[in-house]
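Taking it in order: structure first as structure tokens, then the write-up.
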Amino acid sequence: MALTFEVLGRFNRARAARLTLPHFVCQTPLFMPVGTQGTIKGLTNSQLEEIGCQIILGNTYHLALRPTSELLDEVGGLHNFMNWKRALLTDSGGFQMVSLLHLADITEKGVTFQSPVDGKPMLLTPEESIQIQNRIGADIIMALDDVVKTTITGPRIEEAMYRTLRWIDRCIAAHKRPHDQNLFGIVQGGLDPILRDICVKGLVERNLPGYAIGGLSGGEDKNSFWRVVAQCTAALPEDKPRYVMGVGYPLDIVVCSALGADMYDCVYPTRTARFGTALVPEGVLKLKHKAMADDTRPIDPTCPCMVCKNYSRAYIHCLVTKDAMGSQLLSYHNLYYMLQLSRNLHSSIVEGRFPEFVCDFLRKMFPKGDVPEWVCDAMEVAGIDISSCCAPFPSCQEDDSKNMPEEVSLVR
């Protein structure tokens, strides 16, 4: 295996670890910005290094279309092509089964996509996905899985889970660079605990370098979401990294980390920035709102990032509706926020103050004590007492709409 995973600290199920990859030594929990075609929109590589980005996620499907994996192979891989010295992770292309379903036909052989570039059919098999990812050269590569939305019920969920297990063997057989690229399997099974359990056991039997929990953040209710994460993290190996795919809300990351997850990715921080929305400890700040027009405070007075040090809300308000610089500044701030959250999660676990960190996080986000009921339930399972930051009665609220901005879809 081309990684080592050393747990440095724990609090019940939560853990902080050192993940050593071929191109970088990472600290977990960690958030990975999504750079679909080898770039994070609006930020340079030096800026990403400056704010502490450890791993960038790229997408196999899109990279295979443009610039093509053959070109990437010629120049020595995506690291060289984009001049990125730190770690990379490539998604298998399986997610496009959901996001581009109108362009895709799924069979046992693989997935046939209609290319959005030239309209020609493109067959992505487990073998082809791994061959493309071998040419791209990321530190972590993902197995091709059969992805269905968690809101779908019936036999399609079971079919996808068993196909995912059959495809992992084809991915393993096709993987030609196991000594410098780490193949992660993806747990599927929808919201069915029996199917999830079968998939976890089947993948663990393959003794992979790491494991992902897939098929979430697709519209399921939060109570179902955290229970799937809790079930899978409890059953996955203690000495391997656990990656919850498509998770990008700060609250979700804190909850999943408490339940024992280590890695996350999502387009949310940068996509919501392009809608003029900033991430702050209290939730979100909408810079397009007219109230921002004469607000001379920084986005977040407690944030030490370059944007908060140098620009006011009023200035960014002027930009977000007229100039690309507005979304660039907000993308910088939002990614800084997510990466700082990751660092704070890591240090609080290592230093033995994780419960205090969680309570402080929740107090800022829910100053009235109206912590959503699903968060209370998840923290109880995680063994973290949050009673001090919940209202006396009722202790929790079912409405979590405050943390679900309406302007973007998080399906991944």
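The values are calculated or read from the model by the stated rules, or taken from the named source; none is laboratory data. In this text the structure is predicted, and so the values were computed from the model without any measurement. Virtual Cβ from ideal backbone geometry, glycine too; neighbours counted across all protein chains shown. What goes into the accessible areas is simple: the full protein's heavy atoms, side chains included, and nothing from ligands, DNA or RNA. Shrake-Rupley method; radii C 1.70, N 1.55, O 1.52, S 1.80 Å.
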Quantify how much of the Cα-Cα distance distribution of the range 274-389 extends past 22 Å, in percent. 42 percent
For the chain, what is the accessible area per residue in Å², given a 1.4 Å probe and the full set of protein chains? 39 Å²
Scaled radius of gyration (Cα, divided by 2.2 N^0.38 Å) that the range 1-54 gives: 1.35
Considering only protein heavy atoms, with the full assembly of protein chains and a 1.4 angstrom probe, order Ser129, Ser224 by accessible area, largest first. Ser224, Ser129
Among bridges DSSP assigns within the chain, what percent are antiparallel (round to 5)? 45 percent
Which of the pairs Lys288/Lys364; Lys201/Lys364; Lys41/Lys240; Lys149/Lys201; Lys149/Lys176 have their Cα atoms more than 28 Å apart in this structure? Lys201/Lys364; Lys41/Lys240; Lys149/Lys176
Nothing charged except the Cβ atoms of Lys and Arg (+1) and of Asp and Glu (-1): what's the magnitude of the dipole of the range 274-389 about its Cα centre? Round to the nearest 20 debye. 680 debye
Per-residue ellipticity at 222 nm attributable to helices in the chain (runs of n ≥ 4 DSSP H, -39500 (n - 2.57) apiece, nearest 500 deg cm²/dmol) works out to -11500 deg cm²/dmol
Pop out the carbon and sulfur fraction of the accessible area of the range 235-315 as a percent, whole number, probe 1.4 Å. 53 percent
Answer in debye to the nearest 20: the dipole magnitude of the range 4-273 about its Cα centre, from +1 Lys/Arg and -1 Asp/Glu charges placed on Cβ, is 340 debye
Between the range 171-197 and the range 335-384, what is the C-alpha centre distance in whole Å? 29 Å
Length-normalised contact order of the range 186-294 in % [C-alpha pairs under 8 Å, at least 6 apart]: 20 percent
Mind checking which of Val350, Cys318, Val375 is farthest towards the positive end of the range 274-389's charge dipole, using Cβ charges of +1 (Lys, Arg) and -1 (Asp, Glu) about the Cα centre? Cys318
Separation between Cα centres of the range 203-228 and the range 30-95, rounded to whole Å: 23 Å
Local electrostatic count at Arg313 - Lys and Arg +1, Asp and Glu -1, tallied over other residues with Cβ under 12 Å: +1
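Applying 1/(1 + (r/R0)^6) with R0 = 22 Å to the Cβ-Cβ distance of Arg206 and Thr4, what FRET efficiency is obtained, to the nearest 0.05?
Values: r = 19 Å, r/R0 = 0.86.
It comes to 0.70.
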